[in-house]
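Have a look at the structure below, then the notes.
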Amino acid sequence: DSGVTQTPKHLITATGQRVTLRCSPRSGDLSVYWYQQSLDQGLQFLIQYYNGEERAKGNILERFSAQQFPDLHSELNLSSLELGDSALYFCASSVAGGLYEQYFGPGTRLTVT
Amino acid sequence: EDQVTQSPEALRLQEGESSSLNCSYTVSGLRGLFWYRQDPGKGPEFLFTLYSAGEEKEKERLKATLTKKESFLHITAPKPEDSATYLCAVQDIGNEKLTFGTGTRLTIIP
C-alpha cells in the first residue's frame, strides 16, 4: 500500500458526460501528479500540482482540468468524454517536486460507452 | 524530447533462471532513472532510483544498474511472485514529470 488513495475505483459513463476523479496524496507529500495509462500508449504524464499551484503540464487535453485543494487532495475533471478517453488514470505523490520518487495510487478505471 | 525504450517487450523464464531487462534512454540531462513494478490493474510500485552512471541498487532478487545511455534490471533466481510488468522512467533536469517506457512483461514459470 503506497499511502496514495484514489476514488472511485471504477467509473462507467457515456460519451459527452463529465466525471471527477479524486486523489489523496501520502501524508506529508506536497506534490501530486496525474497520469493516463492506455493499452496503446503506456503511462503518459498529464499534469502536476505542488502545494496548490500548477507546476507542470504534459499532453493534457483542453477538455481535462485539475486542481489541488488546501488540504492537498487533488481532483481531475474530464469533460465532453469520448470513447478514446477510456483508460486507467493514476495519481502519484511525492514529498516535493524534483528528484523524489513518486508513489502511485491504485488508479481509477474509466470506461466511456 | 525524452525517450525511453525497454526490451524485451515480454520475457518468460523458468523459476530460478536469471536474466536482465534493458532500458535505453535519451534525455538532455538526467536527473534520475526510476524502476517500477506493476501488477495487472494495479498502480506502479516504486523499486529503485538511480542518479548517476555506475550506480547500483539491490532489493531481494533485483539489482538495478545505470550507464550513461541505459539501465539494466537484473533478476537473480526469480520466483513466480516476481511475475509483473517492469517499468523504467526518466526524469529530465528541465522538468519534474516522469517519462515512462512501455515496460517488459515478465512471466516466471514454476
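Each reported figure results from applying straightforward, stated rules to the coordinates on display, with no laboratory input. Quick caveat: nothing in here was measured; it's all calculated off a predicted structure. Because the Cβ atoms are built from the backbone with ideal geometry, glycine has one as well, and the counts that use them run over all protein chains shown.
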Inset, instruction - Report the far tail of the P(r) of the protein assembly as shown, meaning the percent of Cα-Cα pairs longer than 25 Å. - result: 40
Inset, instruction - Determine the shape class of segment B:37-110: with a ≥ b ≥ c the square roots of the Cα gyration tensor eigenvalues, call it rounded for a/c under 1.5, and otherwise prolate if a/b is greater than b/c, oblate otherwise. - result: oblate
Legend entry - Pair A:VAL95, A:GLN41: separation of 7 Å Cα→Cβ label points (nm): 3.2
Legend entry - Of A:LYS9/B:LYS97; A:LYS9/B:LYS59; B:LYS57/B:LYS79; A:LYS9/B:LYS68; B:LYS42/B:LYS63; B:LYS42/B:LYS68, pairs whose Cα-Cα distance is over 28 Å: A:LYS9/B:LYS59; A:LYS9/B:LYS68; B:LYS42/B:LYS68
Inset, instruction - Count the net charge of all other residues whose Cβ sits under 10 Å from the Cβ of B:SER24, scoring Lys and Arg as +1 and Asp and Glu as -1. - result: 0
Inset, instruction - Report the local net charge at B:SER7: Lys and Arg +1, Asp and Glu -1, summed over other residues whose C-beta lies under 14 Å from its C-beta. - result: 0
Inset, instruction - Measure off 7 Å from each Cα along the Cα-to-Cβ vector at B:ALA10 and B:THR67, then give the distance between these two points in nanometres to one decimal. - result: 2.8
Legend entry - FRET efficiency estimate (nearest 0.05) - Cβ-Cβ, A:ARG63 to B:GLU81, R0 45 angstrom: 0.65
Inset, instruction - Convert each backbone phi in segment B:100-109 into a coupling constant with the Karplus relation 6.51 cos²θ - 1.76 cosθ + 1.60 (shift: θ = phi - 60°), then list the ³J(HN,Hα) values in order as whole Hz, x for Gly and Pro. - result: 9, x, 7, x, 10, 8, 9, 10, 10, 9
Inset, instruction - Work through the residues other than B:ALA84 whose Cβ is under 12 Å from its Cβ and net out their charges, Lys, Arg +1 and Asp, Glu -1. - result: 0
Inset, instruction - Return the average number of partner chain Cβ atoms within 10 angstrom of each residue Cβ along peptide B:40-52. - result: 4
Legend entry - Rounded to whole Hz, the Karplus (6.51, -1.76, 1.60) HN-Hα couplings of segment B:74-91, x for glycine and proline: 8, 10, 9, 6, x, 10, x, 6, 7, 5, 4, 9, 9, 10, 10, 9, 10, 10
Inset, instruction - Calculate the length of the line joining the C-alpha centroid of segment B:52-110 to that of segment A:41-96, in whole Å. - result: 25
